[in-house]
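Structure, as structure tokens:
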Amino acid sequence: MVDVYRNCIAGQWVECKTKATFPNVNPANTKETVGLFQASGPGDIQEACEAAAKAQPAWAAMPGPLRGEFLHKAAEIMESRLQKLSEEMTREEGKTLPEAKGEVKRAVNILRYFGGEGPRQFCYQIPSERESVFCYTLRKPLGVVALITPWNFPSAIPAWKMAPALVAGNTVVIKPASLAPLSAYRIVEALQEAGIPGGVLNYVTGSGGSVGNALIEHPAIRAISFTGSCDVGNALYDKVTKRKVRLQLEMGGKNPTIVLKDADLDYAASVLVNGAFFSTGQKCTACSRAIIEKDIHGALVERLTARTKKLKVGNGLEPGIEIGPAVDANQLETDLKYIEIAKREGAKLLCGGNRLTGGVFDLGYFVEPTIFAGVTPEMRIAQEEVFGPVLALMVANDFEDAMRLANGVRFGLSASIVSRDLTRVHQFINRIEAGLITVNLPTAGVEYQLPFGGTKESSFGMREQGPAALDFYTETRTVYLKYTQ
Ligand code: NAP
């Protein structure tokens, strides 16, 4: 018997108007349906937006510290279910159980962090140039906000949008990715159980083209926070900017790791394997280009391929598995398509390159971690996001050449360097075109208490997470008060 999950509108768990559902399938075992979710339509979005608009004034009027309490309670509820929620995430998205546990824990931390922002929504008091005039700012919520999330971090991303939106006094309509809607459902469920008032948080599943589109076009929506592909994000930008809705887009990347000749090669190899292949390369911050100084290229490649060949691919629920499946048949097809393109364009396949088949592999969408050498900047594998376990190696003549290669893409999400040369490291930090910069660390692995976001075509609008998140979900009002007449 497969569980059926409902929408949450006005505090009630309801079926969608058409009563139709769609399946959430385990990508490691396609015989398993993780759950059935509501195939909602514009009518359901209409109800959700109306409920959110109705609930918003009272929610905004509630003192911030009390709003924060709901987040703290939800964090406790989720933490008490850590094992169950992590297993569900592995079953719906495919990432390994330790990765899923890390993500659920991160969602819990995000709820706690923003729960703590309830009593801490600081404003400014600034001296006036006039006598007896007292000047200060207020933070006000925007109203109803729309959150649209991708499948690859199905708990953390909904959490890092919902928590700051709610604690700031906004009401929310969230549409999670159709490939992994259960993890976001569990956060909404925890907040409902924590007693958050009806209508404050509304959850509606359904296809992006129908539900997502109706949501962004709804006149009650004052802000949209979207994470996903550039194609969808850019189309969304075109549709909503003329309405002057506040917009935040977090999109794709083609993230480089530069390895300079002074690097410890074993360490550099571990940084590359972690950045490129963990979470099956399905992280927006995954490393997809390794830019290696020519003097160390041969020795590093040897270590890198040796490590990569040892990675254990399989069902992420099994102990010892390091790399799970592609999330669905489309993503698998994309991975294999780019592998073929890279071969055709003349890149040299060093390892991987195939779909894994036979036995349990036939049940899911497994692809070998793949490395290409001899990649040059004009190749598509050097320019386009694959979003799978495919790493392109590029040779740099020197540091300047490495910087030119690293910045020579339209994206600018994350970037890293492996080096002990302090001067080069600082030059890299100053000149790399990326929103997230790491040194002697993988390109991926961000923390919730710091601002997150990219530059160039990877992102648009204000930063997410950390103290920056509240800036997106609030607007500043300025008060001039003369206390004499
Ligand atoms: P996607 O296809 O763009 O989908 C993202 C979300 O948008 C989903 O909820 C999707 O719904 C919805 N959507 C699709 N079409 C829509 C439309 N016309 N109007 C409104 N919403 C619509 O992206 P994805 O495949 O889920 O995620 C992978 C991408 O996300 C990669 O490019 C990755 O780099 C990026 N990403 C970026 C970050 C970051 O912070 N920069 C983080 C994670 C992922 P359906 O699921 O129903 O199609």
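The values are calculated or read from the model by the stated rules, or taken from the named source; none is laboratory data. Everything quoted here is computed from the prediction, not taken from an experiment. Cβ sites come from the backbone with ideal geometry, for glycine too, and all protein chains shown count toward neighbours. Each accessible area value is taken on the protein alone, full model and side chains, heavy atoms only, with ligands, DNA and RNA left out. Shrake-Rupley method; radii C 1.70, N 1.55, O 1.52, S 1.80 Å.
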Tally of residues being out of contact with any helix residue (DSSP H, G or I) (no Cβ under 8 Å at 6 or more places or on another chain) and surrounded by fewer than 19 Cβ atoms within 10 Å (Cβ to Cβ) across region 283-304 | 5
Of E117, E93, which residue is within 16 Å of the ligand (Cβ to nearest atom), at negative phi and among the charged types (D, E, K, R)?
-> E93
Tally time: how many residues in region 216-247 are within 7 Å of the ligand (Cβ to nearest atom) and either part of a helix (DSSP H, G or I) or not aromatic (F, W, Y) (or both)?
-> 10
Does region 264-282 include one or more residues that are over 14 Å from L393 (Cβ atoms), surrounded by 22 or more Cβ atoms within 10 Å (Cβ to Cβ), charged (D, E, K, R) and modelled with pLDDT of 95 or more?
-> no
Residue within region 333-342 that is open to solvent by less than 10 Å² (accessible area, probe 1.4 Å), within 24 Å of the chain's Cα centre (by Cα) and either away from the ligand (no atom under 16 Å from the Cβ) or not acidic (D, E) (or both) present | no
In the list T370, T357, T438, which residue meets the criterion of being of a type in the set (V, I, T) and either within 16 Å of the ligand (Cβ to nearest atom) or at pLDDT below 95 (or both)?
-> T438
Members of region 205-215 that are more than 6 Å from the ligand (Cβ to nearest atom) and open to solvent by 10 Å² or more (accessible area, probe 1.4 Å) | S210, A214
Examine region 124-140 for a residue that is closer than 26 Å to H218 by Cβ, open to solvent by 10 Å² or more (accessible area, probe 1.4 Å) and either of a type in the set (A, V, I, L, M) or more than 24 Å from the chain's Cα centre (by Cα) (or both), and state whether such a residue exists.
-> yes
Name the single residue, out of those in region 459-472 being touching a residue at least 24 places away in the same chain (Cβ under 8 Å) and farther than 10 Å from Q248 by Cα, that is nearest to the ligand (Cβ to nearest atom).
-> Q465
Considering only region 164-191, how many residues are within 15 Å of the ligand (Cβ to nearest atom), assigned to a strand (DSSP E or B) and over 21 Å from D231 (Cα atoms)?
-> 2
Just wondering, is there one or more residues in region 192-203 that are at pLDDT 95 or above, open to solvent by less than 10 Å² (accessible area, probe 1.4 Å) and within 13 Å of the ligand (Cβ to nearest atom)?
-> yes
